[in-house]
Structure formats: structure tokens, C-alpha cells
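Visitor: What follows is a single structure, and I will ask about it in a moment.
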2 protein chains.
Amino acid sequence: MVVDGGDIDDLPKNDANHTALTPLWFLERAAQVHPTRPSLLHGSQRYTWQQTYHRCRRFASALSNRSIGLSHTVAVIAPNIPALYEAHFGIPMAGAVLNTINIRLNASTIAFLLGHSLAALVIVDQEYFSLAEEALKIWSQKSKSFKPPILVVVGDENCDPKALRHALSKGAIEYEKFLESGDPEYAWKPPEDEWQSIALGYTSGTTSSPKGVVLHHRGAYLMSLSGALVWGMNEGAVYLWTLPMFHCNGWCYTWTLAALCGTNICLRQVTAKAIYAAIAKYKVTHFCAAPVVLNTIVNASPKETILPLPHVVHVNTAGAAPPPSIISAMSERGFRVTHTYGLSETYGPSTICAWKPEWESLPADKKANLNARQGVRYIALEHLDVVDTETMKPVPADGSTVGEIVMRGNAVMKGYLKNPKANKEAFANGWFHSGDLAVKHPDGYIEIKDRSKDIIISGAENISSVEIEKALYSHPAIMEASVVARPDEKWGESPCAFVTLKPGVLDSSNEKQLAEDITKFCRSKMPSYWVPKSVVFGALPKTATGKIQKNLLREKAKKMGPVKLSKL
Amino acid sequence: MVVDGGDIDDLPKNDANHTALTPLWFLERAAQVHPTRPSLLHGSQRYTWQQTYHRCRRFASALSNRSIGLSHTVAVIAPNIPALYEAHFGIPMAGAVLNTINIRLNASTIAFLLGHSLAALVIVDQEYFSLAEEALKIWSQKSKSFKPPILVVVGDENCDPKALRHALSKGAIEYEKFLESGDPEYAWKPPEDEWQSIALGYTSGTTSSPKGVVLHHRGAYLMSLSGALVWGMNEGAVYLWTLPMFHCNGWCYTWTLAALCGTNICLRQVTAKAIYAAIAKYKVTHFCAAPVVLNTIVNASPKETILPLPHVVHVNTAGAAPPPSIISAMSERGFRVTHTYGLSETYGPSTICAWKPEWESLPADKKANLNARQGVRYIALEHLDVVDTETMKPVPADGSTVGEIVMRGNAVMKGYLKNPKANKEAFANGWFHSGDLAVKHPDGYIEIKDRSKDIIISGAENISSVEIEKALYSHPAIMEASVVARPDEKWGESPCAFVTLKPGVLDSSNEKQLAEDITKFCRSKMPSYWVPKSVVFGALPKTATGKIQKNLLREKAKKMGPVKLSKL
């Protein structure tokens, strides 16, 4: 009923003028506006927006037919394949919640996640079927609440057919069969309330149990649009999936691509060669990647690259602070690097180092240093500040006072699933606490100095591991570097550098000399108490999303035992 | 208090993860990210985003100091000057509602508007002060509820100083003084609820009293972002204000420009020469204009133009269906024309003729015909259809069945102010009724055939005045054309064409011959019963926003008396 009053604020909502915000409409629109435009390409698989819309409606219908809907969780264990993209629409179209699972996790962690979210159905790429099987076994053994989820397996013509046959023999439904069981004209409904949950993603949980970050339709809608606007991504963008979609729903770009009626290029294996090849073949305009992937691109051998780039390619990098040297090297190769920063809890990136035309004329290293900062808030995040966590007062914008990054606004998660304690901590004082330590520069741009837990405290002085890493990355022989605290007899802690060298730099004979050279190099770049007392060579352990696992390095450094007094 | 449950939809809103959507944050962000970038240029006036933010906060504070806030209306009577732009932020920052008033209205209509909205304060450009004065006089005489609003006058160095002196002598506060009375650090607050009203705009009301369209913060936020995305408008856009801001808040681009940290170029007088000059001087990237303005650009004399254009300029045209011939002519001059369609009730444009790459290779006239269609829904408008108003069923997508355009979603107004009857009609059956008649093409794009009231009914056959106008615009001698119904003794009604010729075409001696030539031309282009039986030469009456006033032409046609039987 429409009720009218005389007051200008007295006009109520009605069916015609209010509906829940949800990114699901983007897909319906893409199918209407550009039905024949390619939506998704993956090897020989090729879909149009109309097909994707039909497939996603089948997906939702197939779930609904199995009584899966509101408040149910559907898990997906897969790399960047079409089924994972379709899950971003098909699952919420049925009213259910999408839980993307990191494929690099081990079976017992996956068992924990499936049990924690009570997954009603699990979609698994054939390559990861045994992993899922093992996880289910652990879950069934460990928990009385275990109820076997429906299993759907996704076949891939490029993978070993044995794995698929095995899955089918175990009663899994083949994904295409699963879709066929649904109605392509399924009358999906948007959520009644835009606060309804759309996705669940677990943080890596290096120290405690993984925490389940719950996101809602409203936030997903707003971040999808915001992510396009701040990055200058336009209608028809061609987007390469290097960033795993299971990582914060691909920073919401899964949904953005539908809003832009763009084209998704899937990539099962992320290598420098595959990235360059896709850029040339599909005229890729945009991709997202963690700094380690940029590192791979920068250090690719000439035969893996296609340079100069045939056109400008925009790269959004986040997930760790990118060392300025990598930004410079990417720029030299013709990539336009946009640096963003965020967390699973903020739908992916929620700050951007917004580029200023006046920076163009600066020297390359100065430019890269400015661009290595985390920057300013996304449009969809209404408040961002760096505060003293004791007083909750903003730190001065002096580029040196360290505080915690806190956020507030529509791009902040609903909360952690079934974790009142973590929610209380995360939302203390009406702000979301990122756990990241940063400074605010005079121009208002923030710059991360460390994760709270990564800071090195040496003789009561805070040392930023990020700053030391930045210096290490500018060393000509170093490909990757990570610095953590090592116990120190005199200082309590001191910096320990783990370093991967560029190919061909090291043979076993010159290890010691190189370590000395690196130490000397550091001495020229930083206060002496920052200089790593230990330099360890070798590959760095990484998460599925390319984040260096500092927790493992910390353990390693601990096992090395404390730096002895004598060493001073 | 944060309450946590076990259900995935059971995580409540809190201060950290939910805030009202409002475009006001865009300004705060622009001032933070690009404080020194020009926000607004107007003659010798030049503001940066930081200055604009400070001025708008002063504006809000000055209102608040005068006890103007929630549920109050503040009216602005001004052309495209900085004060009108600032009003889009300053007024809602105080919690009040912005009512922009069309400067071409007469005093008695303005008196009606001010009385209807009970304007608490009126900001008026010095050029329109006498008009406002007269309106206030009429209001005070006609209504017992009259309470004299506070008057603020905006001076302009390029206008006659006498008008300003006069205003000040009448007790009006000078705008800059008004701002100075406010605090540049005023702690404005976003609305408690995003459904709160942000703006009020009156429809032209050609047949009845003007209706007050009330818009909310949520819709303004969503349309601002949507308008940038569908048009491919990126960060830092340079936008020329040809479209009056008083027309649907400049189709929400007032707020979009802040979201994009772009630059606004104000233009008091819209002429072809001024447009070309601004494009060259300020590197304008985008502007909006009604088709009549495009007509002016296309028909500008060589000395008024700067061609070829120094760079690509994007033009968004709406307000009336643009004849394909004008789209073609604009394209030839290097403008990239995007055709949109909407109403005050939908925050300005809510459909776009989304361009398809496959159209590029078509002949120019075919391209222009495709682009002359109204197209598909904006991202922020969730539903759009063409329906049979009896059954509310969608018409077939056959390009010929005419129905009414109906809309539903977040880009639809709250309602008309104090007008329950109009609201009931507008929102009948859970849809907003546009009153525009259209067909749906097989590709899903809609095309307007007429306003309900503009359709000509001749011998029980519907004739689309828009189709006849399209043909007339392709005649080499015609600059502007408008077709209305004229009473007809035999057919009830028949088409009557009002035509403005290109400069130099007509002397009084060849009027009759030219009319015959035009009739012949039409006969080659349309069914014989569509051919205008009367062709009248002369200037066409227009509204302030460049819309041809068909109501006046209809009156004129009526006064001409019915077409006699003998004429057949």
C-alpha cells in the first residue's frame, strides 16, 4: 500500500522503488544487453553471457531441486575454472551461501571448514577429488554432526580422466549432469534483504582455527562497482583470472565482470608464459595478482615473454605490500600497476594507491615508492584511518607514527561465522580492526609497516619487516625476500632474512660471500639495528594465493636458535 | 552490541559494517585524495576539491546555524554556477532537501513551487533575483501558510552589479557572506537512513500542477556510480555543464563528478561557440545535452566551431529522442554520442543504448538508427519493461507492438510530494509508469514511439509523432521539427508539423513551395496517412532544458482550427 504524507521524508518504500542490492542482477543484465558476447573462455570451453546466465539458472534450480537454499552453504574446491565462476551466481541465486575453498589447504583443514560451515553440497574439480574425499573422511570421523554432503565433480578434458572416473564411481554427480538437472529458465529471486549472506571465505588461520568471513549481497554489489570505478575498468573489459577466485571471491571482480559485460579468461595454471600468451591471444586488458606473481612475470625468461606488450595491460596488485623495485620493473615492461590493499574481511581490496598525474614526471624509483603505499579508501568503504589502538585517536599524518589500520563502512564483512569472541575483538569500539600497522603520510595516503604479528621488536625498538624487505628487493641478485624475527640473546629479537635468488646467481661456494654482500648492501640502506643478522637462502613457502607464509619462516628462524651474543 | 548466532544469516549490523549510502562521502573522499585538483571552474573562479569540500561544509554549517536541517527544503534558482553545484552537497550535508528550480519558469509557477515545498531558504543567482522577488510576492499574497524564507543572493562579476545591489538592499544575504558565516570544519553527518530525501525537483507540469519528485540518498549514490560505469567515465573526467544542474540534479552527474574526483566546467550561457571553446581550453572529456543542444552544435557556423576536435568528446544525450540524422552529424564531427533515456522520476537517465562493437562496421545511417533507440536498463535500475497496461504483460519483442515503459528498482523516486493521487497512479500494480510508449526490438532494446499524450490518433490509427519527426530531421533544409495532432474534420486528428529551417533557407516568397517539397519528401518516407497535412514555419517554443513544448504547439494547432474536408 502506498501511504502519502505531507512530510518530504514521509514517502514509504514500495515494490516499484526499492529492491535489495545484489550482484545477481548484473548477470541478468549482461545476458540481456550482450547475449552473444563471450562471458568466459577456458581452453576450448567458450560461453556467451546468455549461456552463462542459463547455466547459472540451471545451477540454482539444481540446488533448489535438492532442497538447498536459504542459510545453506555450498562449498567449491576448484582452481579458476568456469564452474567456480558460475558458482558465484548459481549458488546465491538459490538463496544459498557460496564457500570457496583454497585448493592448497590440506585435507584436515578442509575437513574443519566443511564441518564448520556444514556444507550441504560440495563441488570439486576432478584434480582435487581425492583431497575432498579425504577431507570428508576426516570430517565424518571427527564429528557427530557429520551429514554427508552431496558431491558434484567437475571434469576437465585436459586432466587425467582416471580421476573423474574414480569420482563417478564414488557416487559423485558429474557437474554438467548436475546442471542438466536444473531448469535454464529457473525463476530465481533476489534476496528479500540485501543483508543476506552471499559468500563465506575462511582466513588462512596460521595461528588459530580458520575464521569464516561472511559477506552479504549489499557489500558484494557495492564492491563490484567500486572495484571497477577506482581501477578505471570499463564496459567490455577482458579480464584474466590469475588471482584465484577462491581468494575473497576474486576480490569481487567475479561479479564486476558481469556488471561490465566483460570477458573472463580462466587459467588453471598461473605461469609467466601462460599470462603473456593470454594477453596476446585474448587482448587481456586487466588482471589482478599478488606481488609474487608480478615477481614471476618480471623474472620470466625472454622465451616466456611477449614483449613489448601488444597493448596496455592494467594490473591490480594486493595481498602483500609490493616492493617498489617490482612495481618499477612491471612499469618498464608496459604494465600499468595499480596498488591496492585489503583483507578477506573487506571483500578484498579496500584501499587504492590512487595515481596522481603530477607523479608522472618523477624519477622511476620515486614513482614506485609513492605507488608502493597502500593509499586511500575505495569508494565503497566510507571510513579508513590509522589509529592509536589505546585511544582510538588518529595518528598524525607525519609518515612516521605507526598505528593500526581501522575501517568502517559498507565494505566491511558481516562478521565471522560462529565466532563471537573474534567478532567482539574485530569490531571493538565500532571499528573493524585490520591488525595491520601503518603510518599516514602528509598527503593522507597510508603505508603499511607490518602486520601486528610481523613486527620485529629488537631491544624495545620496533622494526618493520616490510621496510627491510623493500631494500632487499632492490638488490640485483634477489628475486624474493621475507624478513621475520629470530630470537636474539642480546636484543630479544633481531631480523632474519629469507631470500630466494634470481636463477643462476648462486652456486654453493659463494653463499657466504653473497650473504656478506647482502648485509653490506643493507647497511647502506637502513639503520644498523635493522640489518638482518642472518641471511638464509632457499625457496620461500607460500600460500595458494602467493602470500609468503611468514608463520613457517618464523618457526624456521626459531628452530635456528637464538643469535648468540658472541656474534655481536 | 554485537550479537552472534550460529546461523550464517544471523550476524547483525553494527557501527563498523553498515552505514547509509549517500553521495556526500564522494566529496569527502575527493578532498582527501585529490585536494589540489580543480573541482570547479567558472570564468575566473577556480576551486580545488579541498576548497569545494570546505565551502560545502561552510554551506551546511550556515544552514544549521539558521536552524535549517532535517525535512526542510532549500530552493536554488540559478543557472550552472558554482553555488548550484555546492548546493548539491551543502544542503544535504545539513540534512535538508535541495530543490533546484528551473530558471525559465515564470514567477507564478515558482511561487507555487516555493509554497508547495515550503522553502525555508532560497538561494538565487543575481540575474534571477527580480524573478524570485516577484514569486515571493505572489506566494505571500496567495497563501496563508506563507513564511518568508531567508534569501541568499549569488553575485557574478560578469553580470550587471545593479541587480546584486538591489538584492542586498532588499535584505538578501550575499552568498559568500552566507558561506563565511559557516564553519569550514563543520562536522556534517551522513543521513541516519539512506531512504532520507536528498532532492526535490518539479516536473514541468504542462497540463496539471507541477509534481514534486522526491529522491533519496540511496538512489543518488547508486545512480551516480551507475551513470559513470555505463558511460565509461573514469577517474579525473573533465565535465562540461551544458545540461542544467536544475534538471534532475544534472542527471546525478553533479555527484558522479565528486566520485570520480573529476573537474566541473560551469557554463552560464550554452552556445555552440562556448561549448567548442570549453572543449579546447579545458580538455573537456564529457558533457550531457538534450538533442536540441546537439542540433545547435551540428548547425554551428564554421567560425563558432573548433574542428576537428582536439580529442574524443563523449556526449550523453537524453531528454527527447534524438533524431538519427543528428546522431550521424555529431559522429561525423568526432563526438561519441551515447543515447540515454529517463525521467525526473528515475533520477535522470535510466536506460542506455549500450553500444555494440558489431555495429561499428554498419553504414552510418543504420548505426545512427540503432543508436537512436532508448536501449536497455542502467545498472542501478533493476527492472525495465514495455507492457500492455491493461494486462501488465510484456509486449512481444517484435519491434512493432507498442506498450508503456514501466520501471522498478532502486533508481525510481520515493514519490511525488503531497500528491497521493499521482503516487497511486504512478506506482499502480507495483511498477512505476513512465507514460512513454515504446516497442521492444528482438535484441531487447526498447524504442520510444511517443509520450502517451503525444500520440496522434487519426481515423482510429495511432501515429507516432516521433517517427514523423525523425523523417523531417533528415530533410536537408530542416533544423528542428515537432509534430503534434491537429483537429481534423474527417479523421479526428491529423499530423501537423512545426518546422524551423536552417539559417538562410527561407525567404517569405518560397514558403509555400518549400511546404510542398517537405510534404513530398515525407510521402517518400512514410505511410500516406502519416504525412503532415499542415507544415508551419517558425521558431519552436522550448523549456529551459531544451525540450520542445508540444503542449504549446498543440494549443497553436488547435487554434488553427480543424483541417477541412475539402483539403483532402
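The values are calculated or read from the model by the stated rules, or taken from the named source; none is laboratory data. No experiment lies behind these values; they were computed from the predicted model shown. No Cβ is skipped: glycine too gets one built from the backbone with ideal geometry, and neighbour counts run over all protein chains shown. Side chains are part of the model used for accessible areas, which takes the heavy atoms of the whole protein and leaves out ligands, DNA and RNA. Shrake-Rupley method; radii C 1.70, N 1.55, O 1.52, S 1.80 Å.
Visitor: Given the criterion open to solvent by less than 80 Å² (accessible area, probe 1.4 Å), farther than 20 Å from B:Val214 by Cβ and out of contact with any strand residue (DSSP E or B) (no Cβ under 6 Å at 6 or more places or on another chain), identify the matching residue among B:Ala167, B:Ala163, B:Ala132.
Guide: Of the residues listed, the single one that is open to solvent by less than 80 Å² (accessible area, probe 1.4 Å), farther than 20 Å from B:Val214 by Cβ and out of contact with any strand residue (DSSP E or B) (no Cβ under 6 Å at 6 or more places or on another chain) is B:Ala163.
Visitor: Can you pull out the residues in segment B:243-270 that are open to solvent by 10 Å² or more (accessible area, probe 1.4 Å) and either under 19 Å from B:Ala75 (Cα atoms) or at pLDDT below 95 (or both)?
Guide: B:Pro244, B:Phe246, B:His247, B:Cys248, B:Trp251, B:Leu267, B:Arg268, B:Gln269, B:Val270 - these are the residues of segment B:243-270 that are open to solvent by 10 Å² or more (accessible area, probe 1.4 Å) and either under 19 Å from B:Ala75 (Cα atoms) or at pLDDT below 95 (or both).
Visitor: A further question on this structure: Considering only residues of segment A:58-78 that are surrounded by fewer than 23 Cβ atoms within 10 Å (Cβ to Cβ) and polar (S, T, N, Q), which is farthest from A:Val214 (Cα to Cα)?
Guide: Within segment A:58-78, the match that is farthest from A:Val214 (Cα to Cα) is A:Asn65.
Visitor: Further question on the same structure: Does A:Lys533 satisfy the criteria of being modelled with pLDDT of 85 or more, open to solvent by 10 Å² or more (accessible area, probe 1.4 Å) and not hydroxyl-bearing (Ser, Thr, Tyr)?
Guide: So A:Lys533 fits the description; yes.
Visitor: For A:Thr109, only one of the following conditions fails: (1) assigned to a loop (DSSP other than H, G, I, E, B); (2) modelled with pLDDT under 95. What is its number?
Guide: Only one criterion is unmet by A:Thr109, namely (1).
Visitor: Still on this structure, I have one more. Residue under question is B:Ile91, and the condition is that it be open to solvent by less than 20 Å² (accessible area, probe 1.4 Å), in contact (Cβ under 8 Å) with a residue 40 or more places away in the chain, closer than 22 Å to B:Tyr128 by Cβ and away from every other protein chain (no Cβ under 11 Å); does it hold? Show your work before the answer.
Guide: Details: open to solvent by less than 20 Å² (accessible area, probe 1.4 Å): yes; in contact (Cβ under 8 Å) with a residue 40 or more places away in the chain: no; closer than 22 Å to B:Tyr128 by Cβ: yes; away from every other protein chain (no Cβ under 11 Å): yes.
Considered against the rule, which asks whether it is open to solvent by less than 20 Å² (accessible area, probe 1.4 Å), in contact (Cβ under 8 Å) with a residue 40 or more places away in the chain, closer than 22 Å to B:Tyr128 by Cβ and away from every other protein chain (no Cβ under 11 Å), B:Ile91 comes out as no.
Visitor: All but one of (1) touching a helix residue (DSSP H, G or I) at 6+ places or on another chain (Cβ under 8 Å); (2) at pLDDT 95 or above; (3) farther than 30 Å from B:Val284 by Cβ hold for B:Leu381, so report the exception by its number.
Guide: (3)
Visitor: Can I ask one more? Looking only at segment A:428-479, filter to residues that are among the aliphatic types (A, V, I, L, M), surrounded by 20 or more Cβ atoms within 10 Å (Cβ to Cβ) and in a helix (DSSP H, G or I); which one of those is nearest to the other protein chains (Cβ to nearest Cβ)?
Guide: Here the answer is A:Val466.
Visitor: A further question on this structure: Would you please name the residue that is modelled with the highest pLDDT, looking only at residues in segment A:1-12 that are open to solvent by 60 Å² or more (accessible area, probe 1.4 Å) and of a type outside the set (Asp, Glu)?
Guide: A:Val3
Visitor: Further question: Can you pull out the residues in segment B:270-302 that are free of Cβ contacts under 8 Å to residues at least 12 places away in the same chain and farther than 24 Å from B:Pro323 by Cβ?
Guide: Hit for segment B:270-302 is B:Lys281, nothing else.
Visitor: Six or more apart or on different chains, Cβ atoms under 6 Å: show the pairs whose first residue is in segment A:412-424 and facing another protein chain (nearest Cβ under 7 Å) and whose second is acidic (Asp, Glu) and surrounded by 24 or more Cβ atoms within 10 Å (Cβ to Cβ).
Guide: These pairs meet every condition: A:Met413/A:Glu345.
Visitor: Please go through (1) within 21 Å of the chain's Cα centre (by Cα); (2) surrounded by fewer than 21 Cβ atoms within 10 Å (Cβ to Cβ) for A:Val412 and return the number of the only condition it doesn't satisfy.
Guide: (2)
Visitor: For segment A:320-331, name all the residues that are open to solvent by 30 Å² or more (accessible area, probe 1.4 Å) and not in a helix (DSSP H, G or I).
Guide: To start, the set of residues in segment A:320-331 that are open to solvent by 30 Å² or more (accessible area, probe 1.4 Å) comprises A:320-321, A:325, A:331.
Once the filter is applied, which keeps residues that are open to solvent by 30 Å² or more (accessible area, probe 1.4 Å) and not in a helix (DSSP H, G or I), segment A:320-331 yields A:Ala320, A:Ala321.
Visitor: Looking at (1) away from chain B (no Cβ under 13 Å); (2) at pLDDT below 95; (3) open to solvent by 10 Å² or more (accessible area, probe 1.4 Å), find the lone condition where A:Gly232 falls short.
Guide: Of the numbered conditions (1) away from chain B (no Cβ under 13 Å); (2) at pLDDT below 95; (3) open to solvent by 10 Å² or more (accessible area, probe 1.4 Å), the odd one out for A:Gly232 is (1).
Visitor: Related question: Name the residue, out of B:Lys137, B:Lys144, B:Lys170, that is over 20 Å from the mean Cα position of the chain (by Cα), more than 14 Å from every other protein chain (Cβ to nearest Cβ) and more than 23 Å from B:Ile103 (Cα to Cα).
Guide: Only one candidate qualifies: B:Lys144.
Visitor: Identify all residues within segment B:13-32 that are free of Cβ contacts under 8 Å to residues at least 12 places away in the same chain, part of a loop (DSSP other than H, G, I, E, B) and surrounded by fewer than 22 Cβ atoms within 10 Å (Cβ to Cβ); write none if there are none.
Guide: B:Lys13, B:Asp15, B:His18
Visitor: Give segment A:390-409 a look and list any residue that's under 25 Å from A:Asp443 (Cβ atoms), more than 13 Å from chain B (Cβ to nearest Cβ), free of Cβ contacts under 8 Å to residues at least 40 places away in the same chain and open to solvent by 10 Å² or more (accessible area, probe 1.4 Å), or say none.
Guide: A:Thr391, A:Lys393, A:Ser400, A:Thr401
Visitor: Could I ask something else about it? Please work out which one of (1) over 16 Å from the mean Cα position of the chain (by Cα); (2) within 10 Å of chain B (Cβ to nearest Cβ) is the condition A:Gly212 fails and give its number.
Guide: (1)
Visitor: Do we have any residue at all in segment A:93-106 that's over 30 Å from A:Arg451 (Cβ atoms), assigned to a loop (DSSP other than H, G, I, E, B) and touching a helix residue (DSSP H, G or I) at 6+ places or on another chain (Cβ under 7 Å)?
Guide: Yes, because at least one residue in segment A:93-106 is over 30 Å from A:Arg451 (Cβ atoms), assigned to a loop (DSSP other than H, G, I, E, B) and touching a helix residue (DSSP H, G or I) at 6+ places or on another chain (Cβ under 7 Å).
Visitor: Which of the residues that make up segment B:256-295 are assigned to a helix (DSSP H, G or I), outside the structural domain of B:Gly348 (by TED's automatic domain parsing) and of a type in the set (Val, Ile, Thr)?
Guide: Hit for segment B:256-295 is B:Thr256, nothing else.
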